[in-house]
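Reviewing the structure listed below.
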Amino acid sequence: MYLNTEIANNIFYVGVNDRIKHKFENMLPLPYGVSYNSYLIVDEKVALIDTVEMSFGDIFIDKLQSQLKNRPIDYLIINHMEPDHSGALSLIRKYYPNIILVGNKRTLEMVNGYYGIDNNTLEISDGETLSLGHHRLTFYFTPMVHWPETMMTYDETEKVLFSGDAFGCFGTLDGGVLDTEINLDKYWDEMYRYYANIVGKYGGPVQKALQKLTPLDIQTICTTHGPVWTEYASKAVDIYDQLSRYKGKKGAVIVYGSMYGNTERMAEAVAQGLVQNGIKSVVMHNVSKSDPSVILQDIFKYKGLVIGSPTYSNDLHPEIHSLLTKIKIRQVKNRIFGFFGSFSWAGVCNKKLAEFGEIMKWHVIDDSVEEKMGLKDDNYIKCIQLGKNLAELLHTSEE
Ligand code: FEO
């Protein structure tokens with residue numbers, strides 16, 4: 001038996017918590033786990049919004065049956081087809097064989113492609129409405145937030161938005177699901193990390209979606225991951241708005257690779273320069289130790305970015321190289337970028353970092369520092385000056 005949380009009149013939370021998986025998408029660590037959220041609207045017709053990951057199918061069915069007893073489900077509304085939400089789709093059809101799968105053209109193509117299902121479906125168009133009796137649902141297509149088929153469903157009766165991945169974050173829901181009933185501390189940074197790594201590339205589509213939602217009176221946001229936003233809905237929307245505009249806060253991330261500590265000394269000097277010139281938010285990452293998902297989270301959070309690398313086999317440090325690929329995939333925009341490097345007999349890292357800054361179309365600071373072997377006094381001072389110059393630009397740039 002489960003006592004499901006009622007979020008609004010006859011809207012119930014029926015999602016599950018995953019504290020087993022080590023890495024989301026087999027890439028991103030989950031120190032606080034993750035929830036796969038699903039919602040049930042019980043009206044003259046019953047609608048389920050999204051499902052959960054397949055391995056939690058049994059708990060999911062138990063939750064549905066606790067709520068519905070023997071009542072059937074009329075509709076499964078599919079806001080997003082990624083398997084963390086559509087994984088239990090075939091199982092649902094076994095328990096509820098007459099359920100109608102509701103989605104747009106691309107959703108239904110994916111339903112067929114992933115699960116070989118092409119019957120009992122209802123294709124809806126952008127802006128179309130479906131009445132459940134008392135609850136009236138409208139569908140808003142929001143492609144690329146975060147897949148091409150993604151859409152959001154708005155319950156205009158209860159003013160609840162079922163937003164798919166948007167406004168979501170990592171972190172399980174421990175005993176409560178509403179933002180007003182649980183401590184939110186862990187979720188905010190996990191929202192940055194979730195956005196940077198999962199949605200990061202799609203700032204433009206997120207902005208379009210936000211504009212599309214502007215006319216709606218939204219009281220509650222039900223995402224597919226993390227808390228249900230009520231009192232803090234505007235904060236969640238604001239974070240997504242800032243991130244999708246690539247608007248960094250006043251602060252800097254210094255990421256460096258260092259095998260024997262020489263490049264790290266340069267990084268320390270850059271950090272000193274930043275702080276000496278009034279920048280308090282300085283985050284340093286040893287690229288070989290920090291998880292890339294956390295480094296990306298901070299790169300999305302702050303406007304300044306400094307990368308340091310030793311030359312390694314006539315190329316960048318391999319972990320720095322890997323990080324640059326991850327940044328490029330996300331198409332991070334509007335950063336103020338500085339760089340430095342060291343080498344023992346032939347330096348190429350600064351040239352490659354300069355090229356990277358150009359490719360990203362960032363504001364590249366023209367005072368890079370490159371040291372041969374151990375850090376000498378003149379270059380130590382230049383590294384401090386690099387930090388000071390970045391600080392100056394951060395003070396005068398818009399947050
Ligand atoms: Fe949580 Fe894009 O799936």
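The values are calculated or read from the model by the stated rules, or taken from the named source; none is laboratory data. Remember, predicted model here, so these are calculated numbers, not experimental data. Note: ideal-geometry Cβ built from the backbone for every residue, glycine included; neighbour counts use all protein chains shown. Remember, those area values only see protein heavy atoms, side chains included, never the ligands or the DNA or RNA. Shrake-Rupley method; radii C 1.70, N 1.55, O 1.52, S 1.80 Å.
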Inset, instruction - Please give the number of the condition residue 224 fails out of (1) away from the ligand (no atom under 16 Å from the Cβ); (2) at pLDDT 95 or above. - result: (1)
Legend entry - Filter result for residue 6 (within 16 Å of the ligand (Cβ to nearest atom), of a type in the set (D, E, K, R) and open to solvent by 10 Å² or more (accessible area, probe 1.4 Å)): no
Inset, instruction - Output the number of the condition that residue 171 fails; it satisfies all remaining conditions of (1) farther than 22 Å from residue 136 by Cα; (2) in a loop (DSSP other than H, G, I, E, B); (3) in contact (Cβ under 8 Å) with a residue 12 or more places away in the chain; (4) open to solvent by 10 Å² or more (accessible area, probe 1.4 Å). - result: (4)
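Just checking, how many residues over the range 14-29 are of a type in the set (A, V, I, L, M), within 15 Å of the ligand (Cβ to nearest atom) and crowded, with 19+ Cβ neighbours inside 10 Å?
As a first pass, look at the range 14-29 and keep what is of a type in the set (A, V, I, L, M): 14, 16, 20, 27-28.
Retained after the next criterion (residues that are within 15 Å of the ligand (Cβ to nearest atom)): 16, 27-28.
Now narrow it down to the ones that are crowded, with 19+ Cβ neighbours inside 10 Å: 16, 28.
The total comes to 2.
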Legend entry - Top-ranked residue in the range 178-194 [being open to solvent by 10 Å² or more (accessible area, probe 1.4 Å) and not acidic (Asp, Glu); ranked as nearest to residue 101 (Cα to Cα)]: 178
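In the range 84-166, which strands (runs of 3 or more DSSP E) lie fully inside it and hold 1 or more residues that are among the polar types (S, T, N, Q), more than 14 Å from the ligand (Cβ to nearest atom) and open to solvent by 20 Å² or more (accessible area, probe 1.4 Å)? Walk me through it before giving the result.
On the way: elements: 100-103, 121-123, 129-131, 136-141, 151-155, 160-164.
Filter on the range 84-166 gives 121-123, 129-131.
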Inset, instruction - Within the range 211-227, identify whether any single residue is assigned by TED's automatic domain parsing to the domain that holds residue 179, without any contact (Cβ under 8 Å) to a residue 60 or more places away in the chain and open to solvent by less than 10 Å² (accessible area, probe 1.4 Å), and answer yes or no. - result: yes
Inset, instruction - Quickly run through the range 244-265 and pick out the residues that are more than 16 Å from the ligand (Cβ to nearest atom) and either of a type in the set (A, V, I, L, M, F, W, C) or under 20 Å from the mean Cα position of the chain (by Cα) (or both). - result: 245, 246, 247, 248, 249, 252, 253, 254, 255, 259
Legend entry - Test result for residue 11, touching a residue at least 40 places away in the same chain (Cβ under 8 Å), among the aliphatic types (A, V, I, L, M) and open to solvent by 40 Å² or more (accessible area, probe 1.4 Å): no
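Among 64, 48, which is the only one that is open to solvent by less than 10 Å² (accessible area, probe 1.4 Å), farther than 19 Å from residue 131 by Cα and modelled with pLDDT of 95 or more?
Values: 48 fails: farther than 19 Å from residue 131 by Cα.
After ruling out the rest, the residue left standing is 64.
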Legend entry - Residue check for residue 209: within 14 Å of the ligand (Cβ to nearest atom) and among the aliphatic types (A, V, I, L, M): yes
Legend entry - Filtered residues of the range 1-28 (kept if hydroxyl-bearing (Ser, Thr, Tyr) and in a strand (DSSP E or B)): 13
Inset, instruction - For residue 214, state whether it is within 16 Å of the ligand (Cβ to nearest atom), more than 28 Å from residue 363 (Cα to Cα) and not charged (D, E, K, R). - result: no
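For the range 108-116, indicate whether the set of residues that are closer than 20 Å to residue 166 by Cβ and either in contact with a strand residue (DSSP E or B) (Cβ under 9 Å, 6 or more places away or on another chain) or not assigned by TED's automatic domain parsing to the domain that holds residue 56 (or both) is non-empty. Full working, then the answer.
Filtering the range 108-116 down to residues closer than 20 Å to residue 166 by Cβ leaves 110.
Subsequent filtering for residues that are either in contact with a strand residue (DSSP E or B) (Cβ under 9 Å, 6 or more places away or on another chain) or not assigned by TED's automatic domain parsing to the domain that holds residue 56 (or both) retains 110.
Yes, some residue in the range 108-116 is closer than 20 Å to residue 166 by Cβ and either in contact with a strand residue (DSSP E or B) (Cβ under 9 Å, 6 or more places away or on another chain) or not assigned by TED's automatic domain parsing to the domain that holds residue 56 (or both).
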Inset, instruction - Go through the residues of the range 176-185 one by one and say whether even a single one is more than 13 Å from the ligand (Cβ to nearest atom), small (Gly, Ala, Ser) and modelled with pLDDT of 95 or more. - result: yes
Inset, instruction - May I ask you to list the residues in the range 29-82 that are in a loop (DSSP other than H, G, I, E, B) and among the aliphatic types (A, V, I, L, M)? - result: 30, 52, 73, 78, 81
